[in-house]
Amino acid sequence: PLLLHPAPRRALFLGLGTGVTASSAAADPTLAVDAVELLPEVIAASTRFTTAVADAAGASRLHVVAADARRYVRASDRLYDVIVSDNFHPARSGSGALYTVEHFTAVRQRLEPAGVFCQWLPLHQLDLVTLQSIVRSFVSVYPRAWAIIASNSLQTPVIGLVARSDQSRFDAAVVRKRLVHLALPDWVASLGLEDEYAVLGSVIAGPSALRQFAGNAAINTDDHPVVAYRAPFVTYAPDSAPGDRLVTLLQQLALAPEELFSPLPDATWSRRLAAYWVARDRFIESGREVWPSPDVKEMLARVQVPLLAVLRISPEFRPAYDPLLSMAKALVRVDVPQARTLLTELTRIQPARAEATELLERIRDAAPAVGVSER
């Protein structure tokens, strides 16, 4: 979410958890970070995790408050460029109140005029009916909201509802500029967010699709706590697997670049972004049919065809490119001809990336040394 604001200076995290997310944000020297956590014990325990990502300077920019998130946003007079709300377990006592219209409205009052709000939602702990209620509650406060996906995980899928306080569209050129002028470009790139396609490729629904998905679902309010009553069902008696819920959700959603961004850079950019979205959905769907294997040749036999098919849809889709490249590297030690064939295909599909070409050249230069393996 921090990458969707052109120049955030102050961010608020509702919920601390391990503290890694808030500490990572505070590593940015241009950003002051507040975090609100209900349990003082969680704040104390978070130091066991944050030492891996935080230095002294970053720690000084992170201000953690032991308080109730709902009360904090109502009582505080501070305004924030970005507010990120944790994926609170909806079945836990009191958590449903963090998904109400009243709370979403209070958060909006804490945003700067062009501020960005992201509410994460744990789809592995929500059924789609309860999700519809939360979405309808969110869009009643933020009519131009859209949805993103945190990762491509089928086991613990997490989606985010995103909106700007002024209800305007996002500027793709501004997102691109933000990525170019990052204070910590290597850190962000290491997370797989190296360009605007990777960042904006996480979008799974625009305003129209969210409204259609929400339909006439019951709105979650303080005096009609739908989530508090429904969420425990999926926790104790789930009706489907998290991955199946994610795929079903993606099949119900639709989006178009022009609904989210204004102005659009050009028609080519729009087509490439739309292709990235299609590739991502195919990647997730194909993942349901794949199970891991320690044998690289066996694993490649399972994933090569679907992953190459995904890359042909969108050469920019790194989640398909990177595992194939890793398997090609492993194949060099056991089957050079097969590695060469895979690398050649990767180079053909995505010539803009140098990794496959460079590995091919290294294989060629080392040919006498690997001759026995080739035979």
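The values are calculated or read from the model by the stated rules, or taken from the named source; none is laboratory data. Bear in mind that the values here come from a model prediction, so they are computed numbers and not experimental data. Neighbour counts are summed over all protein chains in view; Cβ atoms, including those assigned to glycine, are modelled from backbone coordinates with ideal geometry. The protein model used for the area step is the full one, side chains on, heavy atoms only, and it has no ligands, DNA or RNA in it. Shrake-Rupley method; radii C 1.70, N 1.55, O 1.52, S 1.80 Å.
Restricting segment 341-375 to residues that are under 18 Å from L308 (Cα atoms), in a loop (DSSP other than H, G, I, E, B) and not aliphatic (A, V, I, L, M), the residue that is modelled with the lowest pLDDT is R353.
Of all residues in segment 5-27, those that are closer than 16 Å to C118 by Cβ and surrounded by fewer than 19 Cβ atoms within 10 Å (Cβ to Cβ) total 3. One residue stands out in segment 236-252 among those that are assigned to a helix (DSSP H, G or I) and of a type in the set (S, T, Y): the one that is modelled with the highest pLDDT, namely T248. Scanning segment 294-331 for residues that are outside any helix (DSSP H, G or I) and open to solvent by 20 Å² or more (accessible area, probe 1.4 Å) returns P294, D295, P315, E316.
Does any residue of segment 36-59 turn out to be assigned to a strand (DSSP E or B), closer than 20 Å to L98 by Cα and out of contact with any helix residue (DSSP H, G or I) (no Cβ under 6 Å at 6 or more places or on another chain)? Among the residues of segment 36-59, not one is assigned to a strand (DSSP E or B), closer than 20 Å to L98 by Cα and out of contact with any helix residue (DSSP H, G or I) (no Cβ under 6 Å at 6 or more places or on another chain), which makes the answer no.
If I filter segment 128-142 for residues that are open to solvent by 10 Å² or more (accessible area, probe 1.4 Å), assigned to a loop (DSSP other than H, G, I, E, B) and either closer than 25 Å to A27 by Cα or not β-branched (V, I, T) (or both), do I get at least one hit? Looking for residues that are open to solvent by 10 Å² or more (accessible area, probe 1.4 Å), assigned to a loop (DSSP other than H, G, I, E, B) and either closer than 25 Å to A27 by Cα or not β-branched (V, I, T) (or both), one finds none in segment 128-142, hence no. The selection criterion, being open to solvent by less than 70 Å² (accessible area, probe 1.4 Å), more than 24 Å from the chain's Cα centre (by Cα) and at pLDDT 95 or above, does not hold for V84.
Does R92 satisfy being open to solvent by 40 Å² or more (accessible area, probe 1.4 Å) and among the charged types (D, E, K, R)? When the stated conditions are applied, R92 passes them.
Summed over segment 263-293, residues that are under 18 Å from L246 (Cα atoms) and either touching a residue at least 40 places away in the same chain (Cβ under 8 Å) or assigned to a helix (DSSP H, G or I) (or both) total 13.
Could you list all residues from segment 203-235 that are part of a loop (DSSP other than H, G, I, E, B) and surrounded by 20 or more Cβ atoms within 10 Å (Cβ to Cβ)? Reasoning before the result, please.
From segment 203-235, those part of a loop (DSSP other than H, G, I, E, B) are 206, 215-220, 222-223, 225; that's our starting set.
G206, N220 - these are the residues of segment 203-235 that are part of a loop (DSSP other than H, G, I, E, B) and surrounded by 20 or more Cβ atoms within 10 Å (Cβ to Cβ).
Somewhere in segment 151-165, is a residue within 21 Å of A228 (Cα to Cα), β-branched (V, I, T), open to solvent by less than 30 Å² (accessible area, probe 1.4 Å) and part of a strand (DSSP E or B)? Yes - at least one qualifying residue is present in segment 151-165. Contact map, segment 147-175: residues that are closer than 16 Å to W120 by Cα and without any contact (Cβ under 8 Å) to a residue 60 or more places away in the chain paired with residues that are open to solvent by 40 Å² or more (accessible area, probe 1.4 Å) and among the basic types (K, R), Cβ distance under 8 Å, separation 6+ or inter-chain. Pairs shown: A163/R144; R164/R144.
Can you pull out the residues in segment 28-55 that are under 21 Å from N87 (Cα atoms), among the small types (G, A, S) and open to solvent by less than 40 Å² (accessible area, probe 1.4 Å)? Hits for segment 28-55 are A35, S46. The set of residues in segment 166-183 being part of a loop (DSSP other than H, G, I, E, B), more than 14 Å from G206 (Cβ to Cβ) and open to solvent by 60 Å² or more (accessible area, probe 1.4 Å) consists of D166, H181.
Do we find a residue being more than 30 Å from R169 (Cβ to Cβ), surrounded by 12 or more Cβ atoms within 10 Å (Cβ to Cβ), in contact with a helix residue (DSSP H, G or I) (Cβ under 6 Å, 6 or more places away or on another chain) and of a type outside the set (V, I, T) anywhere in segment 266-278?
Of all residues in segment 266-278, those more than 30 Å from R169 (Cβ to Cβ) come to none.
So far as segment 266-278 goes, no, none of its residues is more than 30 Å from R169 (Cβ to Cβ), surrounded by 12 or more Cβ atoms within 10 Å (Cβ to Cβ), in contact with a helix residue (DSSP H, G or I) (Cβ under 6 Å, 6 or more places away or on another chain) and of a type outside the set (V, I, T).
Given (1) of a type in the set (D, E); (2) in a helix (DSSP H, G or I); (3) within 21 Å of A69 (Cβ to Cβ), where does E112 come up short, assuming only one miss? For E112, the failing item is (2). Mind checking which pairs have a first residue in segment 62-84 that is assigned to a helix (DSSP H, G or I) and a second that is charged (D, E, K, R) and surrounded by 15 or more Cβ atoms within 10 Å (Cβ to Cβ), Cβ under 6 Å, 6 or more apart or different chains? Between residues of segment 62-84 that are assigned to a helix (DSSP H, G or I) and residues that are charged (D, E, K, R) and surrounded by 15 or more Cβ atoms within 10 Å (Cβ to Cβ), the close pairs are V73/R110.
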